[in-house]
Structures are given as C-alpha cells and as structure tokens.
Amino acid sequence: MSATTARSGATGEPLETGPGRWAAAHRSFFEAMPLGRAHVLAALALFMAFVIESWEQLALVHVSGDLGDAFSIDTGRIGWVLSAVALGMIPGALVWGPVSDRIGRRAVCLWSLSAYGVVVLASAFSPNFTVLLATRVLSGLALAGICTVTFPYFLELLPSRTRGRAAVHLSIGWPRSA
C-alpha cells in the first residue's frame, strides 16, 4: 500500500500524505492569498521587461530603411537583420528554460535583461552588416530569457483567482503595429 492510499485505522478514510498533501496545502494557500503591494511591484517590473522586449523588436522595423542606407544593404539583408532576433530566440528559449529551473526565474530575468543590454549596446556600434547580424542573433538569444520566464514567473507570484486576468494585462505590453 502506497503512502497516498494508506487508510486511517480509526476511521477507515484515506490519509493524504506525500506529494498530494503538499500540493493541496499549497493550492489552498494560493487560492486564499491576498493580492498585495509586492504583487503589484513584481507585476510592474515584469511588465516593463516585457515592454522593453516587445518594443525593441518593433523599433527595428521602424528604422529598417535607415539600416539599408547606413550599411549599404538591400531589402533581403534588412530582412535578415529584422529576423535575426527571432532566430536567436529559438535556441535561447531552449537554453533559458532549463537554466531557470536551476537558478530561478528571477535570476534568469536579471541575467537575461543584463546580457541583452550589453549585446544591444554592442550592436549599436556594429561596423558592418556581419557584426550587426551576429549581435542581433545574440540579442535574441539573451532576450529569450525574458520571453521564456516572464509569463510563468508573473503568474506563479499571484493568487490563483487573478492569474487569467493578470496574464491578459501582461500581454498588453506587446505592441500592435498598424
């Protein structure tokens, strides 16, 4: 007889022990937890990280004409520069997920955003198309950490009754281009 199916000798009712008991206790804690100031501050910080990530991608589209002039590249190469962030995010998502399991979501947010800042600064000084493309791929790799952990980290911090609505509010940080 396993620990989760053991029965009480006195009442004959199942005893909840093991992982099921732990999960039930934590589930009820998250259902009863009040939404407080710490939640709002964490939400604002994560929202701003998400806004930075999304607006960065959109901003490059708006300066793409200037990229062609500055680097003497055609529209095909401009497309590569615009796609480079997304191409870097593919392996980045595969890397940052397991890293967040090891070092924590908060640490990944901080490291990802810091690495992204350094790489984006370096891309601003790109002397040619090849360096620009490489730094854009690296910025996508760094940026994937924010994308990978922002939603789960944000939602894990909240009382369970507010998670759905909060996910919608967080996604507002992603701009819609017209």
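The values are calculated or read from the model by the stated rules, or taken from the named source; none is laboratory data. Note that the structure is predicted; figures quoted are calculated from it, not measured. With ideal geometry, Cβ positions are generated from the backbone for all residues, glycine too; neighbour counts draw on all protein chains shown. With ligands, DNA and RNA removed, areas are computed over all heavy atoms of the protein, side chains included. Shrake-Rupley method; radii C 1.70, N 1.55, O 1.52, S 1.80 Å.
Across segment 34-70, the number of residues qualifying as open to solvent by less than 50 Å² (accessible area, probe 1.4 Å) and over 24 Å from the mean Cα position of the chain (by Cα) comes to 4.
Taken over segment 71-81, residues that are over 24 Å from the mean Cα position of the chain (by Cα) and crowded, with 17+ Cβ neighbours inside 10 Å amount to 3.
Of the numbered criteria (1) farther than 22 Å from Phe71 by Cβ; (2) open to solvent by less than 40 Å² (accessible area, probe 1.4 Å); (3) free of Cβ contacts under 8 Å to residues at least 40 places away in the same chain, the one Ser123 fails is (1). Answer with yes or no whether Asp101 is of a type in the set (D, E, K, R), modelled with pLDDT of 85 or more, more than 19 Å from Phe151 (Cα to Cα) and not in a loop (DSSP other than H, G, I, E, B). Taking the combined requirement at face value, the residue does not satisfy it.
Please find, among Thr11, Thr4, Thr17, the residue that is more than 25 Å from the chain's Cα centre (by Cα), among the β-branched types (Val, Ile, Thr), at pLDDT below 85 and open to solvent by 80 Å² or more (accessible area, probe 1.4 Å).
Values: Thr4 fails: open to solvent by 80 Å² or more (accessible area, probe 1.4 Å); Thr17 fails: open to solvent by 80 Å² or more (accessible area, probe 1.4 Å).
The match here is Thr11.
I'd like to know if segment 90-99 contains one or more residues that are closer than 27 Å to Met33 by Cβ and touching a residue at least 60 places away in the same chain (Cβ under 8 Å). So far as segment 90-99 goes, no, none of its residues is closer than 27 Å to Met33 by Cβ and touching a residue at least 60 places away in the same chain (Cβ under 8 Å). The residue that is farthest from the chain's Cα centre (by Cα), among those in segment 82-132 that are of a type in the set (S, T, N, Q) and under 18 Å from Leu58 (Cβ atoms), is Ser123.
Close contacts from segment 147-159, counting a first residue that is at pLDDT 80 or above and a second that is crowded, with 16+ Cβ neighbours inside 10 Å and of a type in the set (S, T, N, Q), with Cβ to Cβ under 7 Å and a gap of 6+ residues or different chains, come to Thr148/Ser100; Val149/Ser100.
Checked against the criterion of being among the polar types (S, T, N, Q), out of contact with any Leu (no Cβ under 8 Å at 6 or more places or on another chain), loosely packed, with under 15 Cβ neighbours inside 10 Å and in a helix (DSSP H, G or I), segment 134-155 has no qualifying residue. Of all residues in segment 156-176, count the ones that are outside any helix (DSSP H, G or I) and either in contact with a Lys or Arg (Cβ under 6 Å, 6 or more places away or on another chain) or surrounded by fewer than 17 Cβ atoms within 10 Å (Cβ to Cβ) (or both). Adding up the residues that qualify gives 5.
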